[in-house]
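Have a look at the structure below before the remarks.
The values are calculated or read from the model by the stated rules, or taken from the named source; none is laboratory data. Since the model is a prediction, treat every value here as computed from it, not as a measurement. We place every Cβ from the backbone using ideal geometry, glycine too, and count neighbours over all the protein chains shown.
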Amino acid sequence: MIINDSNLRTIYTGFNGAFTRGFEAAPSHYESVSMTTVSQTAEEEYGWLGNFPGIREWLGDRVIQSLSTYSFSIRNRDFEATVAVPRNSIEDDRIGLFTPMMEQLGREAKEHPDRLIFELIASGFTKPCYDGQYFFDAEHPVTKADGSVISVSNMQAGDEPAWYLIDNTRALRPFIYQKRRPYTFVKKDNPNDDNVFFAKEYIYGTDGRSNAGFGLWQLAFASKAPLSQVNYEAARKAMTAMRGDQGRLLGVRPTTLLVPAELEGDGRRLLKTQINTAGASNEWVESAELIVTPWLDA
């Protein structure tokens, strides 16, 4: 193949198309458990996370709900993936060898938010959220109607692989995917680019800016107890009984069961079979959406 502007544009168009196919075909679940925020700067503050808004009877003056009780921020990070195509491969018309790599780049770009969110979830036992406690913790401070502070738990202890219940029915979610700049397909194929002039390589890649962080712990529950009907029922009861400040019932609805790949069988038996392992009717069938993701195992 003759290397000229026209052929390089054709190559880029083909690679970009492969990138787009990979991006569009890749599965993604992060939007089922997180809310996406659009960032306008290097770091975003989420001071409002300490407030869970609710309606009250209007007696006397309005009660203004503070949105700055806590200070919590998410700093954007830069991510990239790059592929070099040797000039000789273009001259020898062997571009087709690199098309699957560009498609894989697209898949990686689509899956990356999943990796960020689900790896964040798995770290919730050891990383703090806005109130200073670990995101999954037995001692989240909550103020009662009389002004006293009690500890509230959003976890079950145990030694088994962790599984999670999520309420994804609200605009606010337990996890945040913060998007600063979406992934795009880029190139360095100008004859004057150093990679071409010195290394005889045409470079293609993708890059973006984003990060993930914790949102409202009240909307997520984690368990390291065995994924059984008994423990699942107990986790659901704990979530639905969740109360916020002033003792107000939050109306949490566990709608999504999130499991790592090693618990897929347990999750399917719990939510997808009409008869349980004891031969009785399974009252929890279809009680939540099942999401299985390998990124919890990372």
| query | Looking at the stretch 279-289, which of the residues that are in contact with a helix residue (DSSP H, G or I) (Cβ under 9 Å, 6 or more places away or on another chain) and aliphatic (A, V, I, L, M) is farthest from Asp114 (Cα to Cα)? | reply | Val285
| request: Would you mind finding the one in Asn168, Asn211, Asn192 that is within 30 Å of Ser287 (Cβ to Cβ) and out of contact with any His (no Cβ under 6 Å at 6 or more places or on another chain)? | output: Asn168
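When the stretch 185-203 is examined, which residues are found to be over 38 Å from the mean Cα position of the chain (by Cα) and of a type in the set (A, V, I, L, M, F, W, C)?
Phe197, Phe198, Ala199
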| Does Ala235 count as more than 30 Å from Asp5 (Cα to Cα) and surrounded by 14 or more Cβ atoms within 10 Å (Cβ to Cβ)? | yes
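For the stretch 159-176, check the following and say yes or no: at least one residue is under 30 Å from Pro86 (Cβ atoms), of a type in the set (Ser, Thr, Tyr) and touching a residue at least 24 places away in the same chain (Cβ under 8 Å). Before the answer, list the steps.
Going through the stretch 159-176, the residues under 30 Å from Pro86 (Cβ atoms) turn out to be none.
So far as the stretch 159-176 goes, no, none of its residues is under 30 Å from Pro86 (Cβ atoms), of a type in the set (Ser, Thr, Tyr) and touching a residue at least 24 places away in the same chain (Cβ under 8 Å).
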| Could you say whether any residue in the stretch 205-217 is closer than 20 Å to Glu119 by Cα and aromatic (Phe, Trp, Tyr)? | yes
| request: Assess whether Val292 counts as being part of a loop (DSSP other than H, G, I, E, B) and in contact with a helix residue (DSSP H, G or I) (Cβ under 6 Å, 6 or more places away or on another chain). | output: no
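Name the single residue, out of those in the stretch 214-239 being outside any loop (DSSP other than H, G, I, E, B) and more than 22 Å from Lys272 (Cα to Cα), that is nearest to the chain's Cα centre (by Cα). So that I can check it myself, show each step before the final result.
Residues of the stretch 214-239 outside any loop (DSSP other than H, G, I, E, B): 214, 217-223, 229-239.
Okay, now just the ones that are also more than 22 Å from Lys272 (Cα to Cα), so 214, 217-219, 238.
On the way: Phe214: 10, Trp217: 14, Gln218: 17, Leu219: 14, Ala238: 23 Å.
Among them, the one singled out is Phe214.
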| said: Consider the stretch 241-282. How many of its residues are loosely packed, with under 15 Cβ neighbours inside 10 Å and without any contact (Cβ under 8 Å) to a residue 24 or more places away in the chain? | reply: 14
| request: For the stretch 1-51, name all the residues that are touching an Asp or Glu at 6+ places or on another chain (Cβ under 9 Å), in a loop (DSSP other than H, G, I, E, B) and surrounded by fewer than 16 Cβ atoms within 10 Å (Cβ to Cβ). | output: Met1, Ile2, Ile3, Pro27, Ser28
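Is it fair to say Arg56 is surrounded by fewer than 18 Cβ atoms within 10 Å (Cβ to Cβ), of a type in the set (Lys, Arg) and either assigned to a helix (DSSP H, G or I) or modelled with pLDDT of 95 or more (or both)? Even if it seems obvious, please write down each step before you answer.
On the way: surrounded by fewer than 18 Cβ atoms within 10 Å (Cβ to Cβ): yes; of a type in the set (Lys, Arg): yes; either assigned to a helix (DSSP H, G or I) or modelled with pLDDT of 95 or more (or both): no.
So Arg56 does not fit the description; no.
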| request: Would you list the strands (runs of 3 or more DSSP E) that sit entirely within the stretch 121-213 and hold 3 or more residues that are surrounded by fewer than 17 Cβ atoms within 10 Å (Cβ to Cβ) and either at pLDDT 95 or above or touching a strand residue (DSSP E or B) at 6+ places or on another chain (Cβ under 9 Å) (or both)? | output: 149-152, 175-188
